[in-house]
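Here is the structure we will look at.
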Amino acid sequence: MTDGELLALCRQGYETAFAELVGRHRNRLWSICFRVTGNREDAEEAVQDALTSAWQNLHKFRGDAKVSTWLYQIAANASLAVVRKRKDTTVDDFDVIELEDPAPLTADRVADVDAVRHALAQLPADFRVAIVLREFAEMSYADIAAHQGIPVATVKTRINRARKQLITLLAPARTA
């Protein structure tokens with residue numbers, strides 16, 4: 001069954017169809033929320049908020065984008081709302097967790113994951129969301145632009161600047 005077919009069943013009130021639809025995208029939804037919020041508790045809250053919002057707004061999905069893109073946009077918005085609500089979160093509060101990559105967490109890999117996580121947390125929110133949606137949700141520049149309500153050129157600029165900042169932030173970790 002396609003995502004579109006599941007969505008049609010969801011709109012008819014079938015919660016099991018919604019559970020299946022969400023299950024298909026759970027890891028990526030979690031990844032987006034975690035990378036935007038930067039810690040496990042906030043990511044869990046953002047995922048719950050996103051799922052609640054998606055369920056309540058099924059009727060608003062117009063079909064202009066893929067269902068997965070719509071879900072990822074809701075997750076990014078929910079994550080940003082949580083971040084705004086918790087302005088007092090510091091980089092030291094972040095947990096180490098990676099759900100998408102099944103590779104074992106060796107000491108070197110934990111250090112790399114931790115360095116990337118800390119670097120992402122230091123980016124301005126608009127840069128962080130743009131790069132997370134591009135690199136982890138694999139959204140197109142056009143979809144990110146529509147999500148953020150900005151021109152595609154601005155998305156490209158934000159992603160380019162985010163990448164440059166990440167390289168700078170990660171450079172000391174590479175030489176250490």
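Restricting to the stretch 125-164, name every residue that is touching a residue at least 40 places away in the same chain (Cβ under 8 Å), touching a helix residue (DSSP H, G or I) at 6+ places or on another chain (Cβ under 7 Å) and either crowded, with 16+ Cβ neighbours inside 10 Å or within 15 Å of residue 70 (Cα to Cα) (or both).
128, 129, 132, 133, 136, 137, 139, 143, 147
Filter the stretch 43-65 for residues that are assigned to a helix (DSSP H, G or I) and either among the hydrophobic types (A, V, I, L, M, F, W, C) or crowded, with 16+ Cβ neighbours inside 10 Å (or both) and give the result.
Residues satisfying the conditions are 43, 45, 46, 47, 49, 50, 51, 53, 54, 55, 58.
Tell me which residues, restricted to the stretch 107-141, are at pLDDT 90 or above and over 18 Å from residue 37 (Cα atoms).
Correct list: 141 only.
Regarding residue 19, is this residue among the hydrophobic types (A, V, I, L, M, F, W, C) and closer than 30 Å to residue 166 by Cβ?
Judged against the criteria, residue 19 is not a match.
Say whether the condition of being within 25 Å of residue 81 (Cα to Cα), part of a helix (DSSP H, G or I), more than 11 Å from the chain's Cα centre (by Cα) and of a type in the set (Phe, Trp, Tyr) is met by at least one residue in the stretch 26-34.
No, there is no match, as no residue in the stretch 26-34 is within 25 Å of residue 81 (Cα to Cα), part of a helix (DSSP H, G or I), more than 11 Å from the chain's Cα centre (by Cα) and of a type in the set (Phe, Trp, Tyr).
Which one of 40, 86, 26 is farther than 16 Å from residue 129 by Cβ, in contact (Cβ under 8 Å) with a residue 24 or more places away in the chain and surrounded by fewer than 20 Cβ atoms within 10 Å (Cβ to Cβ)?
40
For the stretch 59-105, which positions are farther than 16 Å from residue 149 by Cβ, modelled with pLDDT of 85 or more and of a type in the set (Phe, Trp, Tyr)?
61
Filter the stretch 142-176 down to residues that are of a type in the set (Gly, Ala, Ser), outside any helix (DSSP H, G or I) and either at pLDDT 95 or above or within 23 Å of residue 63 (Cβ to Cβ) (or both), then give me how many there are.
Total meeting the criteria: 1.
The values are calculated or read from the model by the stated rules, or taken from the named source; none is laboratory data. For clarity, every value in this text was computed on a predicted model and none was experimentally measured. Heads up, the Cβs are rebuilt from the backbone with ideal geometry, glycines too, and the neighbour counts pull from every protein chain shown.
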